[in-house]
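Only one structure is covered here, and it is reproduced in the block below.
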Amino acid sequence: MLLSTIAQHLGLEFAGEDLEITGVNTLDDAQETELTFLANPKYASKLAETKAGAVVCTADQVENVQRALISENPYFDFARCVAIFAKPQGEMKGVSELAYIDPTANLADDVTVYPHAFIGPRATIGSGTVIFPGCYIGEDSIVGSDCILYPNAVLMAETVVGDDCIIHAGVVLGGDGFGFAPTEYGVQKIPQIGTVTIGNDVEIGANTTIDRAVLGSTTVGDATKIDNLVMLGHNVEMGSNCLIVSQVGISGSTKVGNGVVMAGQAGIAGHLNIGDGATVGPKTGVGKDIPAGVTMAGMPAMEKGIFMRHTTLSPKIPDLFKRVKQLEKEIEALKK
């Protein structure tokens, strides 16, 4: 695609002579017909070394390259360039005869279903959705338009997924929540008869599990992005535009606001409220509510400023202990 065409498609200005662009790559590896980007000024020295045919960069870097797409946010606009050249996974179209589709299921005309997928009674699949091999879509489930369900994704009965969602391999939506009651007769299972509801434009990473509610629905809001190996317990309510990184665990009935960020391996106790725009640092253990806009870190969770001071002081504790012991000896000596 011509550089001028890419610029027009993205609504960007370009500088330099036009060039046919054949792909995208890094500053280090891009070749003469490939497009790259510079988002961090500390890598500006690489502009003199790169072989890239064109660079997505800010206006102040244009004079340092042969050709440029001028952007106020090069990282974002390069992502849009990548989308132009990205080849979607899978090339099959239509519905395979080797898939099982219940006669009562309702599929739009342009749905793609790969071999060995299962679509249960009264399930509804929207226009343009692609269902890869090994997927299970239980009875009365609803999948919106233009979704992708990668291999072995599981949607248990009555699960609802909105439009433009990506469900990666091995995801389980609507498995039973962890509901048990200790009794004199042993541990008794509490039936989990609720559902899972996923909003529009949600992406859920591989092997993530989102449990069905005991009653009502476990929910994920629009445009939220969830990484691999994340666990959402029953009756969790997650807002829109959240970023949940790998290995986060959120216990049952916790409410997460809009625009919340949770870094890797954070653990959130149950029945809490996480305010809009809050940030939870990596490996943070959250046992109490977090107000809106606050950044928390550490185990147990504390505000970021306190955590940073704690981290700075921790290595000094052994030396401080020795000094305190010495001072105690000196005080005893003075008393005598």
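The values are calculated or read from the model by the stated rules, or taken from the named source; none is laboratory data. Since the structure is predicted, the reported quantities are computational estimates derived from the model, not experimental observations. Don't worry about glycine lacking a Cβ; one is built from the backbone with ideal geometry, like all the others, and counts go over all protein chains shown.
So, in region 137-156, of the ones that are over 18 Å from residue 103 (Cα atoms) and among the β-branched types (Val, Ile, Thr), which residue ends up nearest to the chain's Cα centre (by Cα)?
That would be 148.
I'd like the full set of residues that are surrounded by 18 or more Cβ atoms within 10 Å (Cβ to Cβ) and not aliphatic (A, V, I, L, M), limited to region 259-274.
Selection gives 259, 267.
Pick from 228, 235, 241, 258: which is part of a loop (DSSP other than H, G, I, E, B), under 24 Å from residue 213 (Cα atoms) and touching a Cys at 6+ places or on another chain (Cβ under 8 Å)?
Testing whether each residue is part of a loop (DSSP other than H, G, I, E, B), under 24 Å from residue 213 (Cα atoms) and touching a Cys at 6+ places or on another chain (Cβ under 8 Å) leaves just 258.
Residue-by-condition table, conditions (1) in contact with a Gly (Cβ under 7 Å, 6 or more places away or on another chain); (2) outside the structural domain of residue 16 (by TED's automatic domain parsing):
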site	(1), (2)
38	no, no
45	no, no
59	no, no
67	yes, no
80	no, no
93	no, yes
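So, residue 308, is that one touching a helix residue (DSSP H, G or I) at 6+ places or on another chain (Cβ under 9 Å), surrounded by 12 or more Cβ atoms within 10 Å (Cβ to Cβ) and either outside the structural domain of residue 248 (by TED's automatic domain parsing) or not in a loop (DSSP other than H, G, I, E, B) (or both) or not?
Here the answer is no, as residue 308 does not meet what is asked.
Among the residues of region 47-70, count how many are out of contact with any helix residue (DSSP H, G or I) (no Cβ under 9 Å at 6 or more places or on another chain) and within 19 Å of residue 23 (Cα to Cα).
5
Output the residues belonging to region 24-48 that are under 21 Å from residue 6 (Cβ atoms), surrounded by 15 or more Cβ atoms within 10 Å (Cβ to Cβ) and of a type outside the set (S, T, N, Q).
Passing the criteria: 24, 27, 30, 34, 35, 37, 38, 39, 47.
Take residue 293 and decide whether it is farther than 22 Å from residue 230 by Cα and assigned by TED's automatic domain parsing to the domain that holds residue 244.
Criteria met by residue 293.
Matching residues to (1) of a type in the set (S, T, N, Q); (2) buried (at least 17 other Cβ atoms within 10 Å of the Cβ); (3) modelled with pLDDT of 95 or more:
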| position | (1), (2), (3) |
| --- | --- |
| 59 | no, no, no |
| 63 | no, no, no |
| 68 | no, yes, no |
| 86 | no, no, no |
| 92 | no, no, no |
| 96 | yes, no, yes |
| 102 | no, no, yes |
| 105 | no, yes, yes |
| 109 | no, no, no |
